[in-house]
Each structure stands twice: as structure tokens, then as C-alpha cells.
Amino acid sequence: MEFIKSIEKQINTKAVTPKFKSGDTVTVHYKIKEGTKERIQLFQGVVLQRKGNGATETFTVRKISGGVGVERIFPLNSTNIAKVDVNKQGIVRRARLYYLRGKVGKGARILEKRQFTKAAPVVEAPSTPEVA
Amino acid sequence: MSGLIGKKVGMTNMFTEEGKNLACTVILVGPCVVTQLKNEEKDGYKAVQLSYDEKKEKHTSNSAIGHFKKANTTPKRKIVEFTEFKDVASVTVELGAVLSVGDVFAEGEYVDVIGTSKGKGFQGVVKRHGFSGVGGATHGQHNRLRAPGSMGASSWPSRVFPGKRLAGRTGGERVKVVNLKVLKVLADQNLLIVSGNVPGGKNSYLKIEK
């Protein structure tokens, strides 16, 4: 298991993975190809869960779009993710926030973790070496 | 057909530059030692015998020790023959030559992988042969959901034809998966990364052909 984790780091070229937890509000900058053109699409919402580990890890983001709940699952190490902004850090008491699906409006709010220090909320993981 | 012997490490995924998420298998390949060169005169056919994976001498029979000594190497666990072995560029294939993954495989090539599939025990026809079962689960149907159905015609031939597909031991057999793309060769660590899946569990031996 340890062995395959070390290989995963070598074969996946993406060096920086953003750091966030479930309950955080994030904006995912996702690259979309239309023919030869490439543009960035934003998806802002609450992180419901992070699932899996290593190169296969994914995260689920939920937002309300036009009164309808929309969830999208992103692979954490996807090269299509240009970046992930952490807009708010939430205070939640569980790792998987499935209960948000049944709630709307005021009930779907999450307590915000206030930053009293000036430290930047986005902490980036140390880069992993790339092997050709 | 050139190739090498390897061992399955496990599966993971890999992202390409275009953003594609590919499932891939990591295989620990070689270094393999040429332990015998079979020829037409003596053996009746041409083949290259490769050996892989260290083995303790105390677990090896004397005749096997002698066989490995001829190739000037230590005892090995897995011995595989390759017929019509094509020459590789960097190493001459002779008795005692050591072939590693970088010598034989390159990124972007297509390989075939042969292994023993995972044993699944005694299984019914639905899992074993892909039958669809009889009837439905509802409308008063009972007990027939995964049944094999008819065994054949009646008064003629009054018997079941040989080869009729029935329930039985499944898996644990030789399986060949063809045309797997080599996604990466990590020559310094003897690793080969191919797209898709290969037969068998972790640490099972695989024959990789090109």
C-alpha cells in the first residue's frame, strides 16, 4: 500500500493540491475545452465530502442553482482543475454533510470559522517531485 | 515475441496532460535473467527462457541450482519461456544476460499481459457464463431467478451434449489481456505502468509480451 502511494505521486504530474475540508465554501476553477478553445468555468458551493485517498481522491461540491440543488464531483488531482479558492471555512461536526441535501434556506447555513489572524486561508501542500 | 516477467503491484489512476483520468495498473517488471536458450537441434523448437524473482538456495532442488549455475545466476522463483524472442537493442540475448524493463518496453507501446485470474470458487451460470437467468423476480415467480434453464431437447438426443455450460469452479485460470497501452516506464525502479486492468491479485506473476 505504501509502495503504490509513492508511485502515485511520481506518475501524477500535478504538484500542488489545494487544502480544504468538508463544510468549506470553495470556488473550483475548472478547465473546459470547446473544440480548440479552452476556457475556465467556475463552480462555487459547499464541500459535502472528500472521498478516497491518494491519486483517486475526489470531493463533492454542492450549490443551489435556480432553486435546484446541484452537486458535482471533482477528482482532487485532476489536471483540469486550474485552482480551488477557499471562500469560507466552515465549522461542521461531521466529515460528510449529507444532511444539507434535505435542508433549504436558513437551515442549510454553516457556521463560519472566522480568521482573526492575518494568515492566508489557502495553505498549499508541498510540491512533489516530478519524474519523467 | 519479446517480453518479460513481472509481478502485479496494484491499481491506481493517472491524469494525462489533456485532463483524462486513466485507470492504470502498476507492474514490477524484471530484471529477468536468460537461463536457457532452446534450439531446434536439441529441443526441437526455438525459445528463450527467462527467470525472475529471487529464491533462497535452501528452498531450491539441486537440479534447479545446477540449471541456474549454468547461467551464472542465483535461484529464481518464476521461469517463463518466450518463443520467437526478438532481439532488444541495448542487450544481446545470451545465456546469463540480464534484461530490465527499460531494455524491452517503451512508453506508448502496446503490450499483452498474461496471468492467472482470481479464483472465485463454485459459481452459478449467471456469473460463470453470463446467462441471464430464468424469468423475473415478481409475478409469482419463485426460485428461478439465476437458474440455467433448459438442458437441451428431449427424446432426441435423450442426453446432454458435451460442453454444455453449467455451474462450476470459476476463475483461477490463465487469462490474456491484449493491447494494453504502456503509459509510463520507470526504469530506475523496474516499474511498468499500463492502462486498464490485468488478471490476478496483488503479487501474482504476469507474463508481459510485446
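The values are calculated or read from the model by the stated rules, or taken from the named source; none is laboratory data. This one's a predicted model, so the numbers in the text were calculated from it and none came from an experiment. Using ideal geometry, Cβ is built from the backbone for each residue, glycine included, and neighbour counts are taken over all protein chains shown.
A few remarks follow.
- Some residue of the stretch A:82-99 being in contact with a Ser or Thr (Cβ under 6 Å, 6 or more places away or on another chain) and under 30 Å from B:Ile193 (Cα atoms): no
- Unique match (being within 13 Å of chain B (Cβ to nearest Cβ) and crowded, with 16+ Cβ neighbours inside 10 Å) among A:Thr60, A:Thr56, A:Thr25, A:Thr36: A:Thr56
- Residue in the stretch B:96-111 that is of a type in the set (D, E, K, R), under 30 Å from A:Asn53 (Cα atoms) and at pLDDT below 90 present: no
- Condition met for B:Leu22 (modelled with pLDDT of 90 or more and surrounded by 17 or more Cβ atoms within 10 Å (Cβ to Cβ)): no
Rundown of residues vs (1) in a loop (DSSP other than H, G, I, E, B); (2) without any contact (Cβ under 8 Å) to a residue 12 or more places away in the chain; (3) within 29 Å of the chain's Cα centre (by Cα); (4) not assigned by TED's automatic domain parsing to the domain that holds B:Lys78, yes/no style:
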site: B:Ile114; (1), (2), (3), (4): no, no, yes, no
site: B:Gly140; (1), (2), (3), (4): yes, yes, no, yes
site: B:Arg144; (1), (2), (3), (4): yes, yes, no, yes
site: B:Asn179; (1), (2), (3), (4): no, no, yes, no
site: B:Lys184; (1), (2), (3), (4): no, no, yes, no
site: B:Pro199; (1), (2), (3), (4): yes, no, yes, no
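- Qualifying residues in the stretch A:77-96 (those that are more than 12 Å from A:His29 (Cα to Cα) and among the hydrophobic types (A, V, I, L, M, F, W, C)) - the one farthest from the other protein chains (Cβ to nearest Cβ): A:Ile91
- When the stretch B:62-112 is filtered for residues that are small (Gly, Ala, Ser) and touching a residue at least 40 places away in the same chain (Cβ under 8 Å), the ones remaining, listed by number, are B:Gly96, B:Ala97, B:Ser100, B:Gly102, B:Ala106, B:Gly108.
- If you filter the stretch B:1-40 down to residues that are assigned to a loop (DSSP other than H, G, I, E, B) and in contact (Cβ under 8 Å) with a residue 24 or more places away in the chain, you find that the one that is nearest to the other protein chains (Cβ to nearest Cβ) is B:Gly30.
- Looking only at the stretch B:169-188, and only at residues there that are among the hydrophobic types (A, V, I, L, M, F, W, C) and closer than 14 Å to B:Ile114 by Cα, the one that is nearest to the other protein chains (Cβ to nearest Cβ): B:Leu180
- Verdict on B:Ser155 being in contact (Cβ under 8 Å) with a residue 24 or more places away in the chain and more than 14 Å from chain A (Cβ to nearest Cβ): no
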